[in-house]
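Quick note: the coordinates plus some simple rules give every number you see, no bench work behind them. None of the values given here were measured: they were computed from a predicted structure. For neighbour counting, all protein chains shown are included, and Cβ atoms are generated from backbone atoms with ideal geometry for every residue, glycine included.
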Amino acid sequence: MFSFIRSDLNNLQAYTPHTSGNSEIPLDRLDTNECPYDLPYNLKQKLAENYQQLIETNRYPDGSHLKLKEAIAEYVNKVTSSANISARNISVGNGSDELIRSLLIATCVGSDGSILTAEPTFSMYSILAKTLGIPVVNVGRKEVNFEIDITAAQDTINQTKNPSVRVVFVVHPNSPTGNALTSIELSWLRSLPDYILVVIDEAYFEFSEISIVEELNQHPNWVILRTFSKAFRLASLRIGYAIAHPEVIINLEKVRLPYNLPSFSQASAKLVLNHSEDLLSFIPEILRERSKLFTAFAEIPGLKVWESSANFFYVRLTNEGLKLMGKISQDEGLNNLMQQLKSQGTLIRHTGGGLRITVGTPGENQRTVERIQGIL
């Protein structure tokens with residue numbers, strides 16, 4: 001390794017996105033929690049017209065994101081009437097990943113701080129922290145419902161030895177397990193001192209239909225993350241946003257890259273917000289399919305499934321399932337099941353000690369159930 005490269009990077013692996021490759025069979029892509037439906041043709045046409053008539057490709061994009069921030073604030077207030085959010089409470093990023101990285105830079109880089117996560121959870125919190133040389137402390141979850149082990153988490157925070165916890169990351173509902181924060185977990189988050197930043201990732205808010213954004217005024221050390229990659233169907237354009245106290249937003253703006261969000265991405269986000277009611281009208285179908293899938297998965301011998309508040313499910317193999325798969329370990333059995341599904345045309349994700357399966361179209365969901373039944 002080159003001597004000018006940080007030695008600790010030897011122990012890190014680059015994040016490898018899951019791709020379908022050059023498959024010769026049609027694939028049901030249920031591995032990345034995306035919306036199964038593309039933007040409607042009429043909105044794509046409007047975007048094409050916008051690109052041709054309004055966007056100057058020789059000019060930098062709007063670096064302030066002001067109009068987009070105003071549109072986001074209007075949407076947040078619309079879906080949560082008591083939120084009282086303005087553009088001053090919004091920061092926009094190239095996906096939520098950039099915002100996570102900016103939060104880490106603003107809090108832990110150059111200090112002795114660490115971050116706290118509860119595994120299994122969204123892997124990018126730990127990955128991004130490690131790329132910045134920030135220590136990561138992981139605690140467990142209760143397997144019955146994947147509630148955070150609050151005793152272990154609080155003990156970790158109470159430790160006087162360095163590095164002290166400066167940021168706590170939680171997902172509401174959690175990925176990959178799909179469980180929303182419980183009242184006990186929320187009470188714990190409310191009790192944390194204001195010298196700890198609490199990041200609450202609501203990437204799946206439109207599917208869970210639950211949010212704690214209305215509590216931001218009481219907790220200036222809280223940040224809520226949202227994304228346009230899921231329910232708003234803009235995964236390819238990488239747009240995320242943070243909602244927080246204006247002073248937190250000011251500091252996020254200091255550390256983000258200038259012109260971080262292309263003009264076309266900004267235009268797309270504003271367009272979908274203007275058509276949010278029509279675009280989100282598919283949500284009831286996803287919720288109905290989620291209910292049907294849970295019932296179907298629960299009836300498959302050898303499969304353990306947990307209820308979900310998001311647009312995906314988390315499953316593992318029971319002892320019976322492992323015997324059916326002819327495997328000794330959970331990871332071997334799950335990997336075998338994932339590979340067999342892939343060979344039949346269904347992509348799912350093996351992560352966090354289980355399989356995460358996105359709720360897709362009715363046809364995709366039916367095929368997934370039938371294929372798992374065939375394997376088990």
In region 41-274, if the dipole is taken from +1 on Lys/Arg beta carbons and -1 on Asp/Glu beta carbons about the Cα centre, which of Asn251, Ala269, Tyr75 is farthest to the positive end?
Ala269
Violations at 20 Å Cα threshold for listed pairs Lys69/Lys270; Lys142/Lys327; Lys142/Lys230 -> Lys142/Lys327; Lys142/Lys230
Kindly state, to the nearest 0.05, the FRET efficiency for Ser329 paired with Asn11, given R0 = 35 Å and r defined as their beta-carbon distance.
0.90
So what is the relative contact order of the chain, in percent, for Cα pairs below 8 Å that sit 6 or more residues apart?
21 percent
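For Thr57 and Glu253, compute 0.36 nm times the residue count separating them, minus their Cα-Cα distance, and round to one decimal in nm. Kindly include the intermediate steps, with their values, before the conclusion.
Values: separation 196, 0.36 × 196 = 70.56 nm, distance 2.37 nm.
Result: 68.2 nm gained on full extension.
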What share of the DSSP beta bridges in the chain is antiparallel, in percent to the nearest 5?
55 percent
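Which of Lys44/Lys130; Lys46/Lys292; Lys292/Lys342; Lys46/Lys78 have a Cα-Cα distance over 31 Å?
Numbers: Lys44/Lys130 38 Å; Lys46/Lys292 35 Å; Lys292/Lys342 22 Å; Lys46/Lys78 24 Å.
Distance filter (> 31 Å) returns Lys44/Lys130; Lys46/Lys292.
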For region 367-374, take each phi angle, set θ = phi - 60°, evaluate the Karplus expression 6.51 cos²θ - 1.76 cosθ + 1.60, and give the result in whole Hz per residue in order, putting x for glycine and proline.
5, 4, 4, 5, 5, 5, 4, x
Show me, for region 243-256, the HN-Hα J-couplings you get by feeding each phi into the Karplus relation (A = 6.51, B = -1.76, C = 1.60, θ = phi - 60°), rounded to Hz, glycine and proline as x.
10, 6, 4, x, 5, 5, 4, 4, 6, 5, 5, 5, 9, 6
Taking the Cα centroid of region 238-308 and of region 327-363, what is the distance between the two, rounded to the nearest whole Å?
23 Å
With only Lys, Arg, Asp and Glu charged, each at its Cβ (+1 for the first two, -1 for the last two), find how big the charge dipole of region 41-274 is about the Cα centre; round to the nearest 20 debye.
640 debye
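Hey, got a sec? Which chymotrypsin sites (Phe, Trp or Tyr not before Pro) in region 178-221 land in a DSSP loop and have at most 15 other Cβ atoms within 10 Å?
Details: sites: Trp188, Tyr195, Tyr204, Phe205, Phe207; in loops: Tyr195, Tyr204.
Those satisfying the criteria are Tyr195.
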Give, as a single signed number, the net charge of other residues whose beta carbon lies under 15 Å from the beta carbon of Val199, with Lys and Arg counted +1 and Asp and Glu -1.
-3
With -39,500 (n - 2.57) per DSSP H segment of 4 or more residues and division by the full residue count of the chain, the 222 nm estimate, nearest 500 deg cm²/dmol, is -12000 deg cm²/dmol
Would you indicate which of (1) -0.20, -0.27, -1.14; (2) -0.24, -0.32, -1.20; (3) -0.24, -0.33, -1.32 is the value of log10 I(q)/I(0) by the Debye sum over Cα atoms at q = 0.06, 0.07, 0.14 Å⁻¹ derived from the coordinates of this structure?
(3)
Per residue of region 305-311, in order, report the coupling 6.51 cos²θ - 1.76 cosθ + 1.60 (Karplus, θ = phi - 60°) as ³J(HN,Hα) in whole Hz, putting x for Gly and Pro.
10, 10, 5, 10, 9, 10, 9
Here FRET efficiency (C-beta to C-beta, Asn274 to Ala152, R₀ 41 Å, nearest 0.05) is 0.35
